[in-house]
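Read through the structure below, which is laid out as C-alpha cells, and then see the notes.
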Amino acid sequence: MLEVLGLASIEELFTSIPEELRLGRELELPERASEPEIIRELGAMADRNARMDNRPSFLGAGTYQRFIPAAIDALSSRGEFNTAYTPYQAEVSQGTLQAIMEYQTMLCQLTGMEISNASMYDAGTALAEAVFMAYAVRRKGNKVLVSEAVHPEYRRVLDTYLADHPVEARTIGLENDLTAMDSIARTLEEDGDDVLAVVLQNPNFFGLIEPMENAGKLLGCGLEGAEKPPDRPLLISIVDPISLGVLKDPGAYGADIAIGDGQQLGNSPNLGGPTFGFFTTLQKHVRKVPGRIVGETVDSDGRRGYVLTFQTREQHIRRERATSNICTNQGLCSLRGAMYLAFLGSHGIRKVAEASARLAHYAHGVLTGLEGVEAVSSATFFQEFALKLPVDADAVYRALAERNIGGGLPLARFFPGRNQEMLFAFTELVTKKDIDHLGDELGRVLSEELREAKA
Amino acid sequence: MTPESIPIPAAEATLFELSRPGRRGVEPPEPGSGIPELAECLGENDLRREAPALPELAEASAVRHYTRLSSLNMSIDTNFYPLGSCTMKYNPRINEVAAGNPGFSQAHPLYEAREIQGYLELFSRLEKMLAEIGGLPHISLQPAAGAHGELTALMMIKARCRERGELERDVVLIPDSAHGTNPSSCTIAGFKTRNIDSGEDGAIDIESLREALGPDVAAMMITNPNTLGIFESRIGEISSLLHEAGSLLYMDGANMNAILGITRPGDFGVDVMHYNLHKTMSTPHGGGGPGAGPIAVTDELEPYLPVPRIVHSEGGFELCADRPLSIGKVRTFFGNSGILVRAYAYLRAHGPGELRGVSEHAVLNANYIRRRLEEAYHLPYETPCMHEVVFTARNQKATGIRALDIAKRLIDMGYHPPTIYFPLVVHEALMIEPTETETQETLDRFCDAMLQIAREAEENPELLKAAPVNQPVKRLDEVNAIKTPILTCPCDEPVSD
Amino acid sequence: MTRPADLKYSPSHEWARIEDGTVTVGITDHAVEQLGDLVFVDLPQCGATLGRGDAFGEIESTKSASELFAPLSGEIVEVNAELADDLQPLAADPFGAGWMIRISISNPDEASELIDLEQYEELLAKEKEH
C-alpha cells in the first residue's frame, strides 16, 4: 500500500504533524495481553466485586435485580444490532428503526403518554432534559418544584445541569415520607406564575405511592374532564416502569412528561450503567422533545418504512439552538427494554409487578414483627419500604453481608441523620423462603448488635 | 452477482400485528403461596384500570421477530462500514465476554466502595491509561457519551469562570467544521458561540481566530484532526493565542484514532478533551449507544471534575465526594461502567506498539482510498489526510448526481455509505473513514465499487437515482413522516407470523 | 420566477414591502428553493415587538431549521395564520400569498439599511460563485 502511495515509510503519512509535537517515545502502557490473559485479569477484578445474583439481595433504591428472559442476551448480542451505528441511513437500518418504533409504542402503552423518544442516558439526565423541555414549552416562570422524595442521585444530576440555567430548583419537603402536597399548593398560590413545573416520583424514593391524582388536580391537569388552565405548570412524573404493570399510569393522572430509568426492563444492574432513561410526553410537545424519535412513513413504492424524524430539533441540524445536545444515547439498552416487554407481554409485566408487591408486603409483616423494628411511614408502598432499626443501619448492612445477605440501603447515605433506617426492596427474584431467612438473620444481627452496644 | 440480483429481504410485521390476545411469552417466576394477595397490598385507587396493552406473543415468535429485524440492518459484523467521523472499527468479541462476567454485570451501584474494589481498580487503571494516551493527567469516566463529555467539560469551564470572577467570559469559539454537538453543548452550559472560519487548506484560519478572540472568550472547541480529516498543524500557535488571552482549549476527541501514540492533545496545548470510547476504543455502537465519553483535564481544571473521584489509599480504593469546587454529578452513579470494562479490555489487548499501529494503519488505509479515488472524485482540499478523507460529488454534478445518490448506490453494492453532507463547510461532502481493521482486499473492493459508481454516474445516472433497489425499502418519504406524524405503531389488522 | 423590483431585500433572504407605515415580510424564492421540502413554520403572535434583525420565527425543511429575521423594527400587527396549516402558498407564491408577518414600523429610517433588488441579485450571484 505504501508503494501505491509512493511512500518509503509509514512515518511519511504523518508529516502534517509538526516534529516538535510528536511524542517521540512509546506510550507508557502495559504490554499487550492475549485473550486468555485478559479473561484472567478481568476475571480476577470481577471476583472482587459483590454481586446481587449469588445471594439473597434486598438492595434497590432505583436499581433492581430482576428476571431477564434468556433470549434477550442472545438476541441483543447479535452483531447486526450491536455493531450498527445510529440509524441515520434508513434503508440499511430498518431493523433498528422498527425496533425503536416498537419500543416507543410499548413505552407509551406503559406510561399512558402519547409519544416517546428513543432513549436518554439515564433517569437523572432524563429529568434534567424534562425540566429544560418544560421551560421551553411554558416559556414562563423559572422555578421547578422538586419533591424531596425524588431519587437523590437524579436530583444531584438536575442540580448540576441547572447551575448555569435560568431555572432554579426548589425542594418540597416530606410528611410521613410522602411529598407535602400542602406545601406545593401553598407555593402555587403564592407565586404560581413563577412555577414552571412540579417534579414527583411514583413510587417515590422510599417506595411509597404518592397521591398523584391530587397533584394532577392541584396543577389543573384536566382530570375527569376538568378544564385545563392554558399556561399551568407542567407535571413531570418519574415512574418505575415495572410498577406500571399494576399502578395507575401517568397518562391517567394528567402528567405532561413521564420519565424514568429503564434498567429494570431487561438490563442487569451493571453498577448503574449502562441502563437507559426513558422519556415520554404528549404529542403537542413533539418539537420540544430531546433526542431521537422514529416515525413511520412510506418509500417511493408506497411500502411502509421507518425513519428518524423531526430531526431539525437535534444538534446535528439545529446546533446551538437544538432542544438537547444528546447524540449517542443508550440504544442497545433500550432495545433490551423493548425485548423484555415483548417477551413478557401484558400478562407478564403485570405478574412481575404483582409478585414484587406481594412479596414486599409479606416481608413488611415479617420484618416489622422483629423486636425493635418499625415501619418509618404508614403510607402504602409498592415493592420497597424503609424500616427503623434499633441500631445503626450501616453496621447492620455489614453484618448481613457477612451472613451472605445483601442488605437494604442505609438511608443515611442520602439522608443525613436517618442513621437507623434501612430501605428494603423486593422483586420477583426473591422467594418467601429468602424473606423468612432475612427475618431470622436480621433478628440475630439486631440482638447481637444490641448486645454489643450494651456491652 | 449484480446488485439487482441480490434477493430483497422481506419487510417484518410489527410486534402489535403479530400479537394475539391471551398468548403467553416467557413466564416470570411465581411468587408461591402464603403471601398476601394484591388486593391486600394496594388500594383500589392506586391501581390502573386496564393492564398496559403490550403485545402478546409466543417466545419463539418474538425470537424470530427480532432475528428477522436484525437481518434488515447493515452492521460492522456484516458489512464494510466506512462512516466518516464514527470510527466503525471491528468490535472485538473478547470485550463482550469480559464485560459479561457477572462480577461486573451484577454489581449494584449503591454498594459500598469496599464491595466494588475490582471495579474501582479497573476504573483507576483505565484512568491512568487514558491520561497517558492524551497527555492530560486527570480523568472522569462519568460522561455517558461524547456530547455528554463535551457538556461536562463546558460546565467545568463555566465553573472555573465563576470561581475566578470571570463570568463575562461567556463565549466559546467554534470552527465551522465542528460537530453539531459542540455548539449545542455550549448553549446548555450557558455559553454563546462564535464561529471561526476554515482557511483554504481546510485548517482553522488563524486570522479569523485572532479577530474572534477577546476578553469575553472562555474557550475554543477544536477537533484535531478536524472533521475534514486534516491535522491542525498550527495547533501550537492556536493554543498559545488562546492561553495568552486567558482562554482554554477544548478538544473533541472523536478523531483520536488518527494520533494514538503519535502525538498527544496535552502536549499540543489542550486543557480538556473527551474520548469517544465507542469510537477509538472499539466498544460497540449498539445501534445508537451506549457509548462512553470520559474527559481528560489538566491539573488546573482537576478540582472541577465531577464527583465521586476514585482515590487510592492503603486500605484500597475509596470514593471521594468532598470536593467543594466540583460541578457535581453529570449522571447517576459512575458512568456507563459496562462500556468502560470493554474499553479496558481493548487497551489490554493493545500494548504501546499495537496502539500506535492502530493509528498508523487507520491513516494508511484512508490515504490509500484517497489515492485510489482522487481521479474519479473531487477532493476539496489538497492537504494530506489523516484517518479519514473527504471527497465531494462535484465531478458527478453534470449528470445531476448528488452525494446522496452515490451513498444510496453503495448500499446496492453491499457497503454502508460514508457520512454525507458533513462537515457542513464542504458542499456535497462524502466522508470516508475506513479504520485500521479492514484488509487491503476490502478496501480495493470498496474502491472498485466507488469507481464503478463514478462511471455509472456518467453513463447511467438513473441507476443511482433509483438506488437502493435491494433493501426492504427504497428511499423513504421524510416529508410525509413529519407532515403526517406516526410516532407509535398503529395496531392494525393482525398478520400471521 | 421574477422577483418584484418594488420590494426591499435583506442579505438573510427576507423581502420587505413597505407601505403606509407598515412593512409586510416574507422570504424570497431563493430561500424557499435552498430550504427544499418545507415542513413547518413557527410564526409569532400579534402584538410582539421586534427590533431590526431580531429572529421572529423559524422555518424548517426535513434537514434544516432557519431563523427568520425582522428587516425593520416595530410591532407585529398581522400574521399569516394560513401558513401554519399549509406551506403550499409559500412554496408556490413566496412574494404574494406566502407572506409571513406585517409590522407597524417604529423606525422608518432603518429602511435605508435594506438592499434593493439589484443588490440582492448581485449577492446571489456572488454566493453561487463561492
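The values are calculated or read from the model by the stated rules, or taken from the named source; none is laboratory data. Note that the structure is a prediction, hence the values are computed from the model and not measured. Note: ideal-geometry Cβ built from the backbone for every residue, glycine included; neighbour counts use all protein chains shown.
The condition of being more than 7 Å from chain A (Cβ to nearest Cβ) and not basic (Lys, Arg) holds for only one of B:Ser70, B:Ser33, that being B:Ser33. When we screen B:Ile76, B:Ile94 for residues that are at pLDDT 95 or above, closer than 30 Å to B:Gln440 by Cβ, facing another protein chain (nearest Cβ under 7 Å) and in a helix (DSSP H, G or I), the only hit is B:Ile94.
Within the stretch C:58-66, can one find any residue that is under 13 Å from the mean Cα position of the chain (by Cα), closer than 21 Å to A:His285 by Cα and not charged (D, E, K, R)?
Yes, because at least one residue in the stretch C:58-66 is under 13 Å from the mean Cα position of the chain (by Cα), closer than 21 Å to A:His285 by Cα and not charged (D, E, K, R).
Of all the residues in the stretch A:37-71, those that are crowded, with 20+ Cβ neighbours inside 10 Å, out of contact with any helix residue (DSSP H, G or I) (no Cβ under 8 Å at 6 or more places or on another chain) and either in the same structural domain as A:Asp240 (by TED's automatic domain parsing) or among the aliphatic types (A, V, I, L, M) (or both) number 3. When A:Met120, A:Met113 are checked against the criterion of being under 25 Å from A:Asn202 (Cβ atoms), of a type outside the set (Gly, Ala, Ser), in the same structural domain as A:Pro241 (by TED's automatic domain parsing) and within 13 Å of the chain's Cα centre (by Cα), a single residue qualifies: A:Met120.
Scoring B:Glu300 on the criteria (1) buried (at least 24 other Cβ atoms within 10 Å of the Cβ); (2) among the charged types (D, E, K, R); (3) over 28 Å from B:Ala99 (Cβ atoms) leaves a single failure, condition (1). For the stretch B:118-140, taking the residues that are more than 23 Å from the chain's Cα centre (by Cα) and buried (at least 21 other Cβ atoms within 10 Å of the Cβ), the one that is farthest from the other protein chains (Cβ to nearest Cβ) is identified as B:Leu120.
Can you tell me which residue in the stretch A:362-386 is surrounded by the fewest Cβ atoms within 10 Å (Cβ to Cβ), limited to those that are in contact with an Asp or Glu (Cβ under 7 Å, 6 or more places away or on another chain) and not in a loop (DSSP other than H, G, I, E, B)? The extreme case among them is A:Thr368. Residues of the stretch A:82-125 that are buried (at least 24 other Cβ atoms within 10 Å of the Cβ), more than 7 Å from chain B (Cβ to nearest Cβ) and more than 25 Å from A:Val246 (Cα to Cα): A:Leu97 alone. Applying the set (1) facing chain A (nearest Cβ under 8 Å); (2) in contact (Cβ under 8 Å) with a residue 12 or more places away in the chain; (3) under 30 Å from B:Phe446 (Cα atoms) to B:Gly103 leaves exactly one unmet item: (3).
Of all residues in the stretch C:18-31, those that are over 17 Å from C:Leu50 (Cα atoms) have Cβ atoms under 8 Å from Cβ atoms of residues that are among the basic types (Lys, Arg), 6 or more apart or on another chain, in C:Thr28/C:Arg3; C:Asp29/C:Arg3.
Identify the residue in the stretch B:166-216 that is among the hydrophobic types (A, V, I, L, M, F, W, C) and in a loop (DSSP other than H, G, I, E, B) and, among all such residues, is farthest from the other protein chains (Cβ to nearest Cβ).
Residue satisfying both the conditions and the ranking: B:Leu213.
Does A:Leu219 qualify as being crowded, with 21+ Cβ neighbours inside 10 Å, at pLDDT below 95 and either within 23 Å of A:Asp249 (Cα to Cα) or in contact with a Leu (Cβ under 7 Å, 6 or more places away or on another chain) (or both)? For A:Leu219, the condition - crowded, with 21+ Cβ neighbours inside 10 Å, at pLDDT below 95 and either within 23 Å of A:Asp249 (Cα to Cα) or in contact with a Leu (Cβ under 7 Å, 6 or more places away or on another chain) (or both) - is met. Can you tell me which residue within the stretch A:48-81, out of those that are over 30 Å from A:Phe414 (Cβ atoms) and of a type in the set (S, T, N, Q), is farthest from the other protein chains (Cβ to nearest Cβ)? Going through the qualifying residues, I end up with A:Ser76. Put simply, of A:Gly273, A:Gly345 the only residue that is more than 30 Å from B:Glu478 (Cα to Cα), within 7 Å of chain B (Cβ to nearest Cβ), modelled with pLDDT under 95 and crowded, with 24+ Cβ neighbours inside 10 Å is A:Gly273.
Take the residues in the stretch B:417-439 that are part of a loop (DSSP other than H, G, I, E, B) and within 16 Å of the chain's Cα centre (by Cα); name whichever of them is surrounded by the fewest Cβ atoms within 10 Å (Cβ to Cβ).
B:Phe422
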